[in-house]
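**Student:** Sharing a structure with you now.
The values are calculated or read from the model by the stated rules, or taken from the named source; none is laboratory data. No experiment lies behind these values; they were computed from the predicted model shown. FYI the Cβ positions are ideal-geometry reconstructions off the backbone, even for glycines, and counts take in every protein chain you see.
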Amino acid sequence: MFNFFTRKIVDYIFIILTATILFLSSFSESFSDENVFIVDNVKVEGSIDLNFLRENYINKAFLKSFKILITKILLSKDINSLNSIKLNKIRSLINSFQILEEKYQNNIYKATFKIYYNDIKVKKLLREKNISFSQPKDITVLFFPMLFSNNEIINFKDNYFYNEWTDVEIKNESINFVLPLEDLDDISKIKEMKNRTEELKADYFVNKYDVKNYVFAIMDYEKTELSIHIKTNFEGNIKNKNISYELSSLNNKTQLKFILKNLKLQILELWKEANIVNLLMPLTIKIKFKHKNLLNLKKIKNDLYNINIIDHYVLEEFNINNSFFKIYYYGNPKRLQTELSSYGYQLRGNQGLWELYLNE
């Protein structure tokens, strides 16, 4: 009987302490800067004259940061829908900002800002505009730029795309491209598959490198047209796309630079599409979280709050061993698993029952 009452008292104390921690952490999170879209390294500058106002440059940083933000999280077809957003609206989407560096020198003002956007407000705006957003993380990709001219393959040392690929930078570039070494066997096999790219067995080429993600760009130049077949594998999601460009000559560096930059943007767009979040179709999932102590429970609450594809969640029940959450999120269960994994959790499903474990 004594042991029974002891267990009951322990459970009661646990529940009281847990409720207190959840209340306090909920209060502090309303002022948290963590669950936001952050635009870093926003630079502005201008001359210092009689009309100089520091506030004007802060506003300029806000406008510039918003353009950077929408370029980063929206597909190119949706960017124009937000180009006309006014400054006052942009300010309302911002939680806070930092001035990382500020200089007044030789009648020139220079400043570097870090802008913290409120992701809840941004997602509400996108939902009102019927726009989905993308959350592409940084990944490393093996890039094969195979260039043919009149059915003859061009060696890497003479391949403009191979030699210049890493030198052409794109804003908000989330892909780290790794170029392969020139391998005669690889070139021979790709040459054989040139007209049957859908049969291309990428594993043969990729397994030689410590990179799982890849992009093959099979480029065929003939007459004044450059036709490109793109085959991508981003975290197991395989896509194919065909593009063509007008190109007067393989020696026309101006046209080649434009094509290279546009090709990079096309590949980044495919990576964005693989990470699209449909704000109009939220899903729900019920999970059981096995925790060992109060800190585990506080951690999961904070982590769920900071995962951007989670709209909100409800703690429906908890006891000394388990907590039961109902989570409202955007995307699909696989995407939710990936996001939770990045925070150190394993989400496992078994016959409709979802359980969440904290990695040891």
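**Student:** Filter the stretch 237-274 down to the residues that are of a type in the set (A, V, I, L, M), in contact with a helix residue (DSSP H, G or I) (Cβ under 8 Å, 6 or more places away or on another chain) and outside any helix (DSSP H, G or I) and list them by number. Talk me through it step by step, then tell me what you get.
**Tutor:** Residues of the stretch 237-274 of a type in the set (A, V, I, L, M): 238, 243, 247, 250, 256, 259-260, 263, 265, 267-268, 270, 274.
Still in the running and in contact with a helix residue (DSSP H, G or I) (Cβ under 8 Å, 6 or more places away or on another chain): 243, 247, 250, 256, 260, 263, 265.
Correct list: ILE243, LEU247, LEU250.
**Student:** Further question: Going by what's in this entry, would LYS290 be described as more than 30 Å from THR140 (Cβ to Cβ), crowded, with 17+ Cβ neighbours inside 10 Å, among the basic types (Lys, Arg) and at pLDDT below 90?
**Tutor:** No.
**Student:** Here is a further query. Which condition from (1) in contact (Cβ under 8 Å) with a residue 60 or more places away in the chain; (2) out of contact with any helix residue (DSSP H, G or I) (no Cβ under 6 Å at 6 or more places or on another chain); (3) farther than 23 Å from THR254 by Cβ; (4) not assigned by TED's automatic domain parsing to the domain that holds PHE52 is the one that LEU181 breaks?
**Tutor:** (1)
**Student:** Now, a different point. Take the stretch 228-266 and flag every residue that is among the polar types (S, T, N, Q) and closer than 22 Å to PHE205 by Cα. Spell out how you get there, then give the answer.
**Tutor:** First pass over the stretch 228-266, keeping only residues among the polar types (S, T, N, Q): 232-233, 237, 240, 242, 244, 248-249, 251-252, 254-255, 262, 266.
Once the filter is applied, which keeps residues that are among the polar types (S, T, N, Q) and closer than 22 Å to PHE205 by Cα, the stretch 228-266 yields THR232, ASN233, ASN237, ASN240, ASN242.
Conditions tested, residue by residue: (1) within 30 Å of THR232 (Cα to Cα); (2) in the same structural domain as SER174 (by TED's automatic domain parsing); (3) without any contact (Cβ under 8 Å) to a residue 40 or more places away in the chain.
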{"site": "LYS288", "(1), (2), (3)": "no, no, no"}
{"site": "ASN296", "(1), (2), (3)": "no, no, no"}
{"site": "TYR313", "(1), (2), (3)": "no, no, yes"}
{"site": "LYS326", "(1), (2), (3)": "no, no, no"}
{"site": "LYS334", "(1), (2), (3)": "yes, no, yes"}
{"site": "TYR345", "(1), (2), (3)": "yes, no, no"}
{"site": "GLY352", "(1), (2), (3)": "no, no, yes"}
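**Student:** Could you tell me which of the residues PHE156, PHE161, PHE144 is free of Cβ contacts under 8 Å to residues at least 60 places away in the same chain, over 30 Å from ILE48 (Cα atoms) and not assigned by TED's automatic domain parsing to the domain that holds ILE310?
**Tutor:** Selected residue: PHE156, the only one of PHE156, PHE161, PHE144 that is free of Cβ contacts under 8 Å to residues at least 60 places away in the same chain, over 30 Å from ILE48 (Cα atoms) and not assigned by TED's automatic domain parsing to the domain that holds ILE310.
**Student:** Same structure again: Mind listing just one residue for me: the one in the stretch 117-140 that is buried (at least 20 other Cβ atoms within 10 Å of the Cβ) and in a strand (DSSP E or B) and, of those, modelled with the lowest pLDDT?
**Tutor:** My answer is PHE133.
**Student:** Could I ask something else about it? All but one of (1) at pLDDT 90 or above; (2) surrounded by 13 or more Cβ atoms within 10 Å (Cβ to Cβ) hold for LEU283; state the number of the condition that does not hold.
**Tutor:** So the condition that LEU283 fails would be (1).
**Student:** Let me ask another. On the basis of being among the polar types (S, T, N, Q) and part of a helix (DSSP H, G or I), does GLN346 make the cut?
**Tutor:** For GLN346, the condition - among the polar types (S, T, N, Q) and part of a helix (DSSP H, G or I) - is not met.
**Student:** Would you call LYS231 in contact with a strand residue (DSSP E or B) (Cβ under 9 Å, 6 or more places away or on another chain), at negative phi and not hydrophobic (A, V, I, L, M, F, W, C)?
**Tutor:** yes
**Student:** Another question about this same structure. Tally time: how many residues in the stretch 209-238 are of a type outside the set (S, T, N, Q) and loosely packed, with under 15 Cβ neighbours inside 10 Å? Steps first, answer last, please.
**Tutor:** First, pick out the residues of the stretch 209-238 that are of a type outside the set (S, T, N, Q): 209-212, 214-223, 225-226, 228-231, 234-236, 238.
Among the residues that remain, those that are also loosely packed, with under 15 Cβ neighbours inside 10 Å are: 209-210, 222-223, 225, 235-236, 238.
Of the residues in that region, 8 qualify.
**Student:** If you don't mind, another one. Within the stretch 306-338, how many residues turn out to be at pLDDT 85 or above, within 22 Å of ILE131 (Cα to Cα) and either assigned to a helix (DSSP H, G or I) or in contact with a His (Cβ under 6 Å, 6 or more places away or on another chain) (or both)?
**Tutor:** Residues in the stretch 306-338 being at pLDDT 85 or above, within 22 Å of ILE131 (Cα to Cα) and either assigned to a helix (DSSP H, G or I) or in contact with a His (Cβ under 6 Å, 6 or more places away or on another chain) (or both): 2 in total.
**Student:** Among (1) in contact (Cβ under 8 Å) with a residue 24 or more places away in the chain; (2) more than 25 Å from the chain's Cα centre (by Cα); (3) surrounded by fewer than 13 Cβ atoms within 10 Å (Cβ to Cβ), there is one condition SER96 misses while meeting the rest; what is its number?
**Tutor:** SER96 satisfies all of (1) in contact (Cβ under 8 Å) with a residue 24 or more places away in the chain; (2) more than 25 Å from the chain's Cα centre (by Cα); (3) surrounded by fewer than 13 Cβ atoms within 10 Å (Cβ to Cβ) except (2).
**Student:** Can you name the residue in the stretch 62-86 that is in contact (Cβ under 8 Å) with a residue 40 or more places away in the chain and among the polar types (S, T, N, Q) and, of all such residues, is surrounded by the most Cβ atoms within 10 Å (Cβ to Cβ)?
**Tutor:** Per the stated criteria, the residue is SER65.
**Student:** To continue, here is another question. For GLU152, indicate whether it is charged (D, E, K, R), closer than 30 Å to THR224 by Cβ and surrounded by 15 or more Cβ atoms within 10 Å (Cβ to Cβ).
**Tutor:** Criteria not met by GLU152.
**Student:** Another question, if that's okay. Pick from LYS286, LYS292, LYS261: which is out of contact with any strand residue (DSSP E or B) (no Cβ under 7 Å at 6 or more places or on another chain) and more than 20 Å from ILE73 (Cα to Cα)?
**Tutor:** Sole residue among the options that is out of contact with any strand residue (DSSP E or B) (no Cβ under 7 Å at 6 or more places or on another chain) and more than 20 Å from ILE73 (Cα to Cα): LYS292.
**Student:** Can I ask one more? Can you confirm whether LYS253 is at pLDDT 85 or above, more than 17 Å from the chain's Cα centre (by Cα), under 30 Å from GLU169 (Cα atoms) and among the charged types (D, E, K, R)?
**Tutor:** Yes; evaluated as a whole, the condition is true for this residue.
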